[in-house]
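Following: one structure in C-alpha cells, then a few remarks.
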Amino acid sequence: MDLADWTGAPRPPRAAIAGRYVRLEPLGPDHAGTLYEASTAPGQEDRFRWLFETPPADRAEFDAWLAQASVPADPLVFAVVDAATGRAEGRQALMRIDTAHGVIEIGGIMWGPALQRTRMATEALFLTARHVFDLGYRRLEWKCNALNAPSIRAATRFGFRPEGVFRQHMVVKGASRDTAWFAMTDGDWARLRPIYEAWLDPANFDAAGRQRAALEV
C-alpha cells in the first residue's frame, strides 16, 4: 500500500449525522431530559457496569456530567436520537482521534432500553462507520473490558475483527482491566457497507420492526 501522498484525516466536525431511524446529534442541553430518562431506566446498573462512569444518582448529577461531556472535541459525544420521536435514547462518542494516522475509536456507548437490540442501534453504528470512513479515516477501533461479553458479541456482530487483549491495561472503578481490542479498516468497510445498507433497508423489516434476514458480516 503506497501512502506516499497520505496527508492525514480531518477532525470530525461537531455536526449532526442523519439516518433513517436515528440521528446522531452532538450532545447538548436539549438532550438532557430524555437522555436522563434513558440513563436511569430499569437495568441501569447493567448498562453502566462497564463504563467509566457510574449511574447518575439524580438529575443534578446527570446535568453536571452532561455539561462537562458536551464540551470536548475528543471525546466528541453524540446523543442517539430516535428519528420518529425526537427522544435521545442513548449516547456514544468518537474518541482517541488520531488525524495524523487516520485512526479513531467509537466508545462510551450507553444505549438505553429503547435502543438495545434494535435496528436503531445498528444504524447508530453504521452511521458512525460511514461518517469516519467517508472522512478518510483508515481504521475504526472498538475496545472493551475483556470480561464484557455483551460488548464482545456486539463488536463481532458489527464486523469488527479481534486483535488481542492488552493485559492490565487500565484501572477502572478500583479494579484492574484487561482490554479486548477490535478494529475495522477502510478495506473491511468497503465489504461491510453494502451489507449494512441491505440490512437497514425498510423492506428487511416487518410491520412490527422485526428483521426478516439477519445481519451477516
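For the chain, what is the calculated [θ] at 222 nm in deg cm²/dmol (nearest 500), taking -39500 (n - 2.57) for each run of four or more DSSP H residues and dividing by its residue count?
So the calculated ellipticity at 222 nm is -9000 deg cm²/dmol.
Quick one: among 79, 15, 38, which has the greatest mean-square fluctuation in a GNM of the chain with alpha-carbon springs under 10 angstrom?
15
Step through the residues of the range 76-93 one at a time and calculate ³J(HN,Hα) from phi using the Karplus curve (6.51 cos²θ - 1.76 cosθ + 1.60, θ = phi - 60°), rounding each to whole Hz and writing x for Gly and Pro.
Karplus values, whole Hz, x for Gly and Pro: 9, 8, 10, 7, 9, 10, 5, 5, 7, 10, x, 8, 7, 9, x, 8, 7, 9.
Multiply the residue gap between residue 30 and residue 116 by 0.36 nm, knock off their C-alpha separation, and tell me the result in nm, one decimal place.
Once the chain is fully extended between residue 30 and residue 116, it gains 28.8 nm.
Going by amide H atoms built from the backbone, whose H comes under 5 Å of the H on residue 205, apart from near neighbours?
Those qualifying (amide H under 5 Å, at least 5 residues apart or on another chain) are 212.
Hey, what D do you get for the range 17-204 in µm²/s if you plug the Kirkwood alpha-carbon radius into Stokes-Einstein at 20 °C and 1.002 mPa s?
Using the Kirkwood radius from Cα pairs, D works out to 126 µm²/s.
Could you sort the peptides 53-66, 202-215 by per-residue average Cβ neighbour count (10 Å cutoff), highest mean leading?
So the peptides 53-66, 202-215, ranked by packing, come out 53-66, 202-215.
Rounded to the nearest 0.05, what FRET efficiency do residue 15 and residue 98 have when you use their Cβ-Cβ distance and R0 = 35 Å?
My answer for the efficiency is 0.95.
For a quick check: with amide H placed at 1.01 Å from N, whose amide H comes under 5 Å from residue 111's, ignoring anything fewer than 5 positions away on the same chain?
Here the answer is 91, since their amide H atoms fall under 5 Å of that of residue 111.
In Å², and per residue, what accessible area does the chain have when probed at 1.4 Å with the other protein chains present?
That works out to 51 Å² per residue.
Taking all protein chains as present, what is the carbon and sulfur share of the accessible area of the range 23-65, in % to the nearest whole number, probe 1.4 Å?
It is 52 percent, rounded to a whole number.
What does the highest-first list of 104-112, 82-90 look like by mean Cβ count within 10 Å?
Packing order, densest peptide first, comes out as 104-112, 82-90.
Quick check: from the Cα gyration tensor, does the range 88-195 come out rounded (a/c under 1.5), prolate or oblate?
Verdict is oblate for the range 88-195.
Over the alpha carbons of the range 45-110, what is the largest minus smallest coordinate on each principal axis, giving the biggest first in Å?
Result, largest extent first: 40, 29, 24 Å.
What ³J(HN,Hα) values, in whole Hz, does the Karplus curve 6.51 cos²θ - 1.76 cosθ + 1.60 give for the range 66-75 when θ = phi - 60°, with x put for Gly and Pro?
Coupling constants for the range 66-75: 4, 4, 7, 6, 7, 8, x, 7, 8, x Hz.
Got the relative contact order for the chain handy, in percent, Cα pairs under 8 Å and 6 or more residues apart?
It rounds to 18 percent for the chain.
Between residue 185 and residue 4, what FRET efficiency comes out of the Förster formula 1/(1 + (r/R0)^6) with R0 = 30 Å and r the beta carbon distance, rounded to 0.05?
E(calc), rounded to 0.05, equals 0.95.
Going by amide H atoms built from the backbone, whose H comes under 5 Å of the H on residue 169, apart from near neighbours?
177, 178, 179
With only alpha-carbon atoms in the gyration tensor, what are the semi-axes of the equivalent ellipsoid for the range 6-91, in Å, largest first?
24, 17, 12
The values are calculated or read from the model by the stated rules, or taken from the named source; none is laboratory data. Model, not experiment: these values are computed from the prediction. When we count neighbours, we look across all protein chains shown, and the Cβ atoms used for this are built from the backbone with ideal geometry, even at glycine. These accessible areas exclude ligands, DNA and RNA; they are computed on the full protein's heavy atoms, side chains included. Shrake-Rupley method; radii C 1.70, N 1.55, O 1.52, S 1.80 Å.
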